[in-house]
Amino acid sequence: MPKSRILYLDAYDSFSNNITTLLKDSLPVTVETIEIDDARFVLNDDAFQHYLNTFDAIVAGPGPGHPADPKDVGLIGKLWSLPEDCTLPVLGICLGFQSFALAFGAKIERLKEPRHGLVRRLTHCDRDIFTGFEELHATHYHSLHVRLEHDVEQHCDARLWEPSRTCKQLVPLAWDVSDDANGAILVGARHCHKPFWGVQYHPESICSSGGAELIQNWWSEACRWNAGRKRRTIVPAALKPSDTRPEKTMKRAAQREPCTVHWRKVSCHETVDVASLVNILRDHGEGNEPILLESGVRGGNPVNPETGRFTIIGLPEIGARQILWSVKDQLLVIEEGGKVIYSRQTTIAEVFTALDEAIDKRKARKGPAGVPFWGGLVGFISYEAGLETIDVLPAKEKCGRPDIWFVLVERSIVVDHIAQMVYVQTTRDNDQAWLNDTERILQATADHLPTGRAMLNSDSAGDVVAGPTQTEYRTKVRACQEQLRAGESYELCLTDQTLVRNPTHPWTLYQRLRRANPAPFGACLHFATSHTHGGMKLDVIGSSPERFISWSRSGKCQFRPIKGTVKKTPGMTKEKAEALLSSEKERAENLMIVDLIRHDLNGVAG
């Protein structure tokens, strides 16, 4: 017997993947997702109704915007007035809940204070979808709320559990009565006789308790309603999705070229100073600048031993294979041996296919156990390229530089800061001479490398060419705050750009940056082409306390975001900083980012 089917209507929300994962994990169902503006159904009610008949229930998801705006709710708005024979159980979450309540007489108003990432204890009726909960804590992400216009305002008045005079079809199921600023907030309701339920909060959040149980209670109610109406679900015909992935035009290599890692290790009696090691490699190199991914070290020890154990130094050869693509011209270019061997205008999906094939074709094996890098592609992907993956239009003024740039690294050196060991590696065959020479150089200098960064001359800080003024920046902050209060987003990360002209060599700038800010994750990447973009050089330097994602050879993924800052002021202590970082605001920011990256991870692996 085929599994029951649930349709998830996605209102372009930042937590949708968490919700669909919760549905799949909690219920014996399959879940199909479409966007609220699916072109097949927006202007074709008959097609939409026929499509709905292939499902047993619907979840109308959260999203930005206002439930009264048809553009923000799209197909969700059609659910509440379907013909009787097309009606099926619906659970509305956040925006979906607000759309449901609005359709049956409720008002939607702004909260006096937005509630993003706040966890509150709910007061519920202990029946219907809230059956069996002794205590329920819920995560809220909303700036708008539903008002049933009860005549009473007291938090504990029994009449709050009855339909109001203006919303006689809406039965309250749960309230948040802990908010003094906003008053009693409706967080759960159902229709008095139609199979519609809704919750204002996010049951899928990592800090919401009873999320799976709530979903299971709703599913029991939905199945009971379907059985009582003897509703039969139509077995779906093959439906062509409205948004298909582009066909791959680059054929996967018919045969892999497995790369065996040849390696040596050199023991060091002292902590290795990475900058000094890179300088030695630059002096003995063959022309190309090293590519550095550095773990922060302070006082001879990793800043964070959990993340900062290894430093990776890539030594790409002149003429190494490179893969480039830019948003501006959509041109995918592959260079090798100083020549362009592939050039074609293509989508970003094909770029990722090209990267995947390059990794698969030259996958390293038999390297030193525990060392995180044996050889492969090293590079960057810009934010603008990331926007392409979610169909967001780029800025009007597109940059001419590549937005994706990777280079193949066959020779590398990895420093183990805890074991005080240096690994020399190559994936090239017949590369013993380089291994021997590099090992000899390291052995000769291992006990003479400085244990701290050498002092650098204080060069000019550079001339600011362009940057935001204080007035411009504050205006943007206020605009962000207004968007948050209007319900257009949960969290906005305001970024801006400052252009600085500085003649200092990028390697010198990087060393100065790391001395000033020895954060856990440092990067100094150098790229150069022979032909693409007329022959181009680009350097990327950075020092960050956070890492978006890492993954191990066994398939374990980890996100390490950082949210919350404490200003360095006179008298600041660790105790004071920890107290500030434990505030409700800081906890809310951390909760938001955790839920956001869970969504990202579920979108990749879920």
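Stretching the chain fully between LEU580 and ASN301 yields a gain of 97.7 nm (0.36 nm per residue, less the alpha carbon separation).
Along the axis of the charge dipole computed for the chain (Cβ charges of +1 for Lys and Arg, -1 for Asp and Glu, origin at the Cα centre), the listed residues PRO195, LEU355, PRO561 are led at the positive end by LEU355.
Note on the range 4-228: dipole from Cβ charges, positive end direction compared against TRP218, PRO114, LEU82; the farthest Cα belongs to LEU82.
For GLY188, the residues 5 or more places off, or on other chains, whose built amide H falls under 5 Å of its own are LEU173, ALA174, GLN200.
For the cross-link pairs LYS363/LYS556; LYS24/LYS563; LYS537/LYS568; LYS112/LYS585, the ones whose C-alpha atoms lie over 26 Å apart are LYS24/LYS563; LYS537/LYS568. Expressed as a fraction of 2.2 N^0.38 Å, the value expected for a compact globular protein of N residues, the C-alpha radius of gyration of the range 4-228 is 0.94. Assuming charge only on the beta carbon of Lys and Arg (+1) and of Asp and Glu (-1), the dipole of the chain about its Cα centre is about 700 debye to the nearest 20. Apply the a/c threshold of 1.5 to the C-alpha gyration tensor of the range 85-140 and tell me whether it is rounded, prolate or oblate. Oblate, because a/c is 1.5 or more while a/b does not exceed b/c.
Projecting the Cα atoms of ILE206, THR20, ALA60 onto the dipole axis of the range 4-228, where Lys and Arg carry +1 and Asp and Glu carry -1 at the beta carbon, places ALA60 farthest toward the positive end. Dipole magnitude for the range 558-606: computed about the Cα centre from +1 point charges on Lys and Arg Cβ and -1 point charges on Asp and Glu Cβ, it is near 220 debye. Note that the range 558-606 shows a convex hull volume over its alpha carbon atoms of 75 Å³ per residue.
The calculated 222 nm mean residue ellipticity attributable to helices in the chain amounts to -7500 deg cm²/dmol, summing -39500 (n - 2.57) over DSSP H runs of n ≥ 4 and dividing by all residues. Say the cut-off is 20 Å between C-alpha atoms; which of LYS476/LYS576; LYS328/LYS361; LYS265/LYS366 go over it? Checking Cα-Cα distances, LYS476/LYS576; LYS328/LYS361 exceed 20 Å. Starting from the Cα gyration tensor of the range 58-97, take the square roots of the eigenvalues, sort them a ≥ b ≥ c, and report rounded, prolate or oblate (rounded when a/c is under 1.5, otherwise prolate if a/b is larger than b/c, else oblate). Cα axes put the range 58-97 in the oblate bin.
Calculate the tail of P(r) for the chain: the fraction of all Cα-Cα distances greater than 39 Å, expressed in %.
It works out to 43 percent of all Cα pairs.
Dividing the mean sequence gap of close Cα pairs (under 8 Å, 6+ apart) by how many residues the chain holds gives a relative contact order of 14 percent.
Nothing charged except the Cβ atoms of Lys and Arg (+1) and of Asp and Glu (-1): what's the magnitude of the dipole of the range 476-582 about its Cα centre? Round to the nearest 20 debye.
Magnitude of the dipole: close to 360 debye.
Here, each number is a calculation from the coordinates, and none is a lab measurement. All values reported here derive from a predicted model rather than from experimental measurement. Using ideal geometry, Cβ is built from the backbone for each residue, glycine included, and neighbour counts are taken over all protein chains shown.
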